[in-house]
Every structure is written in C-alpha cells, then in structure tokens.
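Taken together, the values in this text are just the output of simple stated rules run on the coordinates, not laboratory data. Not measured: the values here are computed from a predicted model. Positions of Cβ are generated from backbone atoms using ideal geometry, with glycine treated the same way; all protein chains shown enter the neighbour counts.
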Amino acid sequence: MDRAQLCLSLIKWLNTFKVTVPNQTVEDLSDGIAVAQALREIAPDYFNDAWFKKLKVEESLNWRLKVSNLKKVLNGMLEYNIEVLGIQIQGFQMPDVNLIGERHDSVETSRLLQLVLGCAVRCSEKQFHIQNIMKMEESVQQMIMNAIQELMSKE
Amino acid sequence: DGKGAPPGTSEGMLANFFNSLLSKKTGAAG
C-alpha cells in the first residue's frame, strides 16, 4: 500500500468532518486537534468534552505538546476499540506519534488516520460514515477500502 | 447508495465491499 497516497486520501476523508481547525496538510494534523474533533463527531459520548479538555489547544504548540496530544488521541482510540467496539488490534504497526508531532511524517499520519477510519466504520453511526465514504471519488474509496481491509486483518 | 453498480466493475466491487460493511454486525455494544 502506498502510504503517502493513503495519507492524502484519508486527509480528504477527514475533511468531510466538521473540523474547525486547519486540516488540509499533515502538518495541520500534527497537534492531534483535528483528529480529536473528528473522533468527537464519531463517538461524542466517548470522546466527550471532558476528554477533549485534556488536550492542549493552541495555535503554535511545540512538538512535545503535540506529541502529548497525539498520545492521548491514540490511547483514546485504542481504549475505545477495546471498551466500546470489543476489538483488540494486534499486529498492526501503531503510529509513531513522535514522528508525527516532530517531523509531520505522512506514513505515520496515515496509520493514525487509519485507526480513526476503523472507529468510524464500526461506531453506532457507521451507516452515516460509510455512506459518506461511498459518495467520495472512486480512487479515494479504493484507498479507504484497502485501509479498512488491512486493519480488519489485524484484529 | 451504489447498490445498482454493475458487478465485476471496480465501482461494483467498492459498492459490494461497503454494503457488506454496512450489514456487518460489530461492536461489543452492538
């Protein structure tokens, strides 16, 4: 799988959420806030205001604070998978949040967004999210399908 | 919702995949 291409496709998909912060580039996503806002839309009862308030929301965070946010986002998703979806992800290479926060790495960002995608297509509102994906251009749908299949093969 | 896409085409394959995902029962909480 071409992960740089996957990252671009997943950013396009992320753009379909009601995200209020910049979310067009890998650098935009490097503080975890856009991803956290998407998660809040996917599972508002779980990724609630109390959870969101644990994140630092400032315009120019240093890389350590970005990584701190990303760790909370990643852990939140993993806990959501276990506690709500009943899914234990094994054998999937987890995103290196240091590389996302410090270097804006697109490969690692693709892994992070892949986990968000996994939450979206299995949450209680999955019908809404899957139908939104089906409205996207075919090449993006193809990348998303591959990403979901890879993720499901690791459960 | 893509259900009418011709089978055997990439469009049909994508529709099949996402429709099967829609019908899949998932989650500890249902």
Number of partner chain Cβ atoms within 10 Å, mean per residue of A:126-134 = 4
Under the rule rounded for a/c under 1.5, else prolate if a/b exceeds b/c, else oblate, using alpha carbon gyration tensor axes a ≥ b ≥ c, the range A:77-155 is classed as oblate
Hey, which aspartates and glutamates would be in cross-link range of B:K25, C-alpha to C-alpha under 13 Å, not counting anything within fewer than 8 residues on its own chain?
-> A:E125
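Using a 10 Å cut-off on Cβ to Cβ distances, tally the other chain neighbours for every residue of A:140-146 and report the average as a whole number. Walk me through the intermediate numbers first.
Working: counts 0, 8, 4, 0, 3, 6, 1.
Per residue, the number of nearby Cβ atoms from other chains is 3 on average.
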Computed over the range A:2-43: relative contact order in percent, which uses C-alpha pairs under 8 Å that are six or more apart = 33
When only Cα pairs under 8 Å and 6 or more residues apart are kept, what is the percent relative contact order across the range A:22-140?
-> 28
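Among the complete DSSP H segments of chain A, which ones combine at least 24 Å of alpha-carbon extent along their axis with a mean Kyte-Doolittle hydropathy of -0.5 or more? Working shown, then result.
Details: long enough: A:63-80 (25 Å, -0.26).
Both cut-offs are met by A:63-80.
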Checked chain A against the a/c 1.5 cut and the a/b vs b/c comparison, axes a ≥ b ≥ c from its Cα gyration tensor; verdict rounded
Quick one: dipole size for the range A:1-125, taken about the Cα centre, charges +1 on Lys/Arg Cβ and -1 on Asp/Glu Cβ, in debye to the nearest 20.
-> 100
Shielding by other protein chains, B:17-24, mean Cβ within 10 Å = 5
